[in-house]
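Below is one structure; the comments refer to it alone.
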Amino acid sequence: MAVDNTKKMASASARQQMTASGTGALITSIFMTPLDVVKVRLQAQQRLQLNRRCFLYCNGLMDHICSCQPSPAHNQRQWYSRAMPAPITGTLDGLMKIWRYEGISSLWSGLPPTLLVAVPNTIIYFTAYEQIRQLLQHYSNGSSKNTSQQSWWVPGVAGGVARVWSVTLCSPVELVRTKLQASRMMYKELLVQMGRELKHEGPRSLWRGWVPTVLRDVPFSVMYWVGYEHLKRLGGQTEHPSVPFTIMAGSLAGGLAATVTLPLDVVKTHKQIAIGNGSSSGGFSLADSSTLEHLRSIHRQQGVRGLFAGLGPRLVKVMPACAIMISSYEYVKRQLR
């Protein structure tokens, strides 16, 4: 009977974590999407000067590739290419002008593909983190269940393993979504191309891009969870942290992790933008180079400053996204208990 009760409690706990993480992903998407819609529209205004076929759109939960090239199959201009009566000069100006000229719903353009992929990804990631952390904590502290006695390395290992797990499971879906966004293929054309790739390269072609994604996301995840759990212990709020505290701790932990892992994010952004471009610089292929080679190339051409390009915008995006996600997650989880 005791064993059955234990299994039932563990199952309920996992369901609570899945519900809380899914709710947090939804809330984060709703709050962050308008800010990135404005950022993308600002980028689109400069696409002729940038001379790019693709650019990156990220709304705090995941990355999107948007094509700058017109397509005969799409008569209506995409949301990121719509002309404005007057140019956008900043975030607040963009929010007001898009709302005024296109309607408030336009501020959430691009949200559906995010919800289709990011919400399941977030559910897998947060639930795996909690389950792995509890398991590691149990073995590191014996039978103790007191989170205040948690070893410092437990959140980092749990966060890293959980991120590898979520990236691995969602990588094929992410590949399909990226191909659709980058080249605007019809579904039939996409199936033919992927069938051809599977025939020549095998199943591992479905996980193309797995390495650079893991190299960026795993260090971020490790540092974020170590920092967040450490702040919880310092604040004496290990069990049921308050919403103001989780907003502060999530923001600080996310900002630190984002700063340290920015060079890896720069590389991943370059590789994503180079999709379908055959982009190269001085014989250096952006799409085919290894992460280390790419880091060395950036450092050689632009120095340390190049490796940390875009730190301000990244912090503006990551810190509130982390704060909203973790505070929503902790709050919903506490209410479900």
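The values are calculated or read from the model by the stated rules, or taken from the named source; none is laboratory data. Model, not experiment: these values are computed from the prediction. For neighbour counting, all protein chains shown are included, and Cβ atoms are generated from backbone atoms with ideal geometry for every residue, glycine included.
The listed residues are 184, 208, and the only one of them that is modelled with pLDDT of 70 or more and of a type in the set (Lys, Arg) turns out to be 208.
Conditions tested, residue by residue: (1) under 30 Å from residue 198 (Cα atoms); (2) loosely packed, with under 12 Cβ neighbours inside 10 Å; (3) at pLDDT below 85.
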residue	(1), (2), (3)
78	no, no, yes
84	no, no, yes
91	no, no, yes
130	no, no, no
150	no, no, yes
156	no, no, no
165	yes, no, no
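Just name the residue that is modelled with the highest pLDDT out of those in region 98-114 that are touching a helix residue (DSSP H, G or I) at 6+ places or on another chain (Cβ under 7 Å) and either surrounded by fewer than 16 Cβ atoms within 10 Å (Cβ to Cβ) or assigned to a loop (DSSP other than H, G, I, E, B) (or both). Among those that are touching a helix residue (DSSP H, G or I) at 6+ places or on another chain (Cβ under 7 Å) and either surrounded by fewer than 16 Cβ atoms within 10 Å (Cβ to Cβ) or assigned to a loop (DSSP other than H, G, I, E, B) (or both), it is 99.
Pairs linking a residue in region 232-244 that is farther than 11 Å from residue 330 by Cβ to a residue that is surrounded by fewer than 12 Cβ atoms within 10 Å (Cβ to Cβ), with Cβ atoms under 7 Å and 6 or more positions apart or on different chains, are 233/148; 238/148.
Selection of region 290-315 for residues being among the β-branched types (Val, Ile, Thr) and free of Cβ contacts under 8 Å to residues at least 40 places away in the same chain yields 298, 304. Residue 263 satisfies every condition listed in (1) modelled with pLDDT of 80 or more; (2) touching a helix residue (DSSP H, G or I) at 6+ places or on another chain (Cβ under 6 Å); (3) closer than 25 Å to residue 24 by Cα except (3). Residue 177 falls short of the stated requirement of being in a helix (DSSP H, G or I), at pLDDT 75 or above and not small (Gly, Ala, Ser).
Looking across region 306-323, the residues that are within 16 Å of residue 221 (Cα to Cα) and among the aliphatic types (A, V, I, L, M) come down to 315, 318, 319, 321, 323.
Here residue 213 passes the criteria (1) under 14 Å from residue 327 (Cβ atoms); (2) within 15 Å of the chain's Cα centre (by Cα); (3) of a type in the set (Ser, Thr, Tyr) except the one numbered (1).
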